[in-house]
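The values are calculated or read from the model by the stated rules, or taken from the named source; none is laboratory data. Computed from a predicted model, the values in this text were never measured in an experiment. Here Cβ is always computed from backbone atoms with ideal geometry, including for glycine, and neighbour counts include all displayed protein chains. Ligands, DNA and RNA are excluded from the accessible area calculation, which covers all protein heavy atoms including side chains. Shrake-Rupley method; radii C 1.70, N 1.55, O 1.52, S 1.80 Å.
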Amino acid sequence: MLTTPKRDNLNRIVILNPKGGCGKSTLATNLAAHYAQRGPTPAIMDYDPQGSTMAWLSRRPDDLPAIHGIAAFKKSMQATRSWQLRVPSETVNLLVDSPASVTHDDLRELTRDSTSILVPVLPSSMDIHAASRCIADLLLVAKVDRRDRKLAVVANRTRKNTKSFGKLMRFLDSLGIPIIAVLRDSQNFVHAAEHGVGLCEMQPSRVKQDVEQIEKIVQWLDAWPDRRRDSGATTSRDPGPFAGSLLRRAQFGSA
């Protein structure tokens, strides 16, 4: 898996969770629509063989702000891999929609030059278990240092005042990793996906509550230069006992 060259001005946002159906593409497309509305033109790099974000782009109305799509899951004999994965020079926000299953080598490559990593998590025991393993792998395998503050969690498809929501929030609180947004289980996301639009491009009165959460994510993502600058003095890459404890919880299903 070949990733894009490093660019100092590029916010490379990796949306990652090996568990399928956790909302990676939904998150990627809605963030892309927000950045497109704000400008300059963002890019989506789709590594998922299902091609969900590319399909969303194909449904996108022509009169809406442009989003550059990169079908990274496709291999072409007519072009080099680096040419296939090129990012427009004007793009400052690149969203990487990762596949549902990645090897350790792929995980390292996907996250190597990332400035921000988002892990969407659903409120079910199976998803919490998968998220435990995912975050442990990010810390132990990909060597993502929590002190770099480029890793965050998004609670997805939640219904407040339910036992599953309470369990999810207790788990997320235990991670020591920021929970930057709580997305509700709303048909607005389904409608946006079906029509190739983002929530920010729908009727404001209908999506106000959901857009507020997307804006919280964008606000955190936009602060990546400050997070990088603040962590510049950090040289240690020891994930510490936290990652080992999290991995044991994942292995024994006690997340």
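Quick one: is L199 among the hydrophobic types (A, V, I, L, M, F, W, C), more than 19 Å from W56 (Cβ to Cβ) and either surrounded by 14 or more Cβ atoms within 10 Å (Cβ to Cβ) or free of Cβ contacts under 8 Å to residues at least 60 places away in the same chain (or both)? So L199 fails the test.
Of the residues in the range 54-73, none is under 23 Å from V102 (Cα atoms) and under 14 Å from the mean Cα position of the chain (by Cα).
Per-residue answers, yes or no, for (1) touching an Asp or Glu at 6+ places or on another chain (Cβ under 7 Å); (2) closer than 17 Å to S114 by Cα; (3) free of Cβ contacts under 8 Å to residues at least 40 places away in the same chain; (4) of a type in the set (V, I, T):
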| residue | (1), (2), (3), (4) |
| --- | --- |
| V141 | no, yes, yes, yes |
| T158 | yes, no, yes, yes |
| L168 | no, no, no, no |
| L175 | no, no, no, no |
| I180 | no, no, no, yes |
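Restricting the search to strands (runs of 3 or more DSSP E) fully inside the range 65-165 and requiring at least 2 residues that are crowded, with 22+ Cβ neighbours inside 10 Å gives 93-97, 116-121, 151-158. Return a yes/no flag: does the range 27-43 have any residue that is buried (at least 19 other Cβ atoms within 10 Å of the Cβ) and modelled with pLDDT under 95. Taking every residue of the range 27-43 in turn, none turns out to be buried (at least 19 other Cβ atoms within 10 Å of the Cβ) and modelled with pLDDT under 95.
Residues checked against (1) modelled with pLDDT of 85 or more; (2) farther than 24 Å from Y35 by Cα; (3) not hydrophobic (A, V, I, L, M, F, W, C):
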residue	(1), (2), (3)
V190	yes, no, no
E194	yes, no, yes
G198	yes, no, yes
Q219	yes, no, yes
A223	yes, no, no
A250	no, yes, no
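Taken together, the residues in the range 11-23 that are open to solvent by 10 Å² or more (accessible area, probe 1.4 Å) and modelled with pLDDT of 95 or more amount to 0.
For the range 84-112, a tally of residues being of a type in the set (V, I, T), in contact with a helix residue (DSSP H, G or I) (Cβ under 7 Å, 6 or more places away or on another chain) and under 12 Å from I70 (Cα atoms) returns 1.
Would you point out which residue out of T53, T103, T91 is in contact (Cβ under 8 Å) with a residue 60 or more places away in the chain and β-branched (V, I, T)? Answer to the selection: T91.
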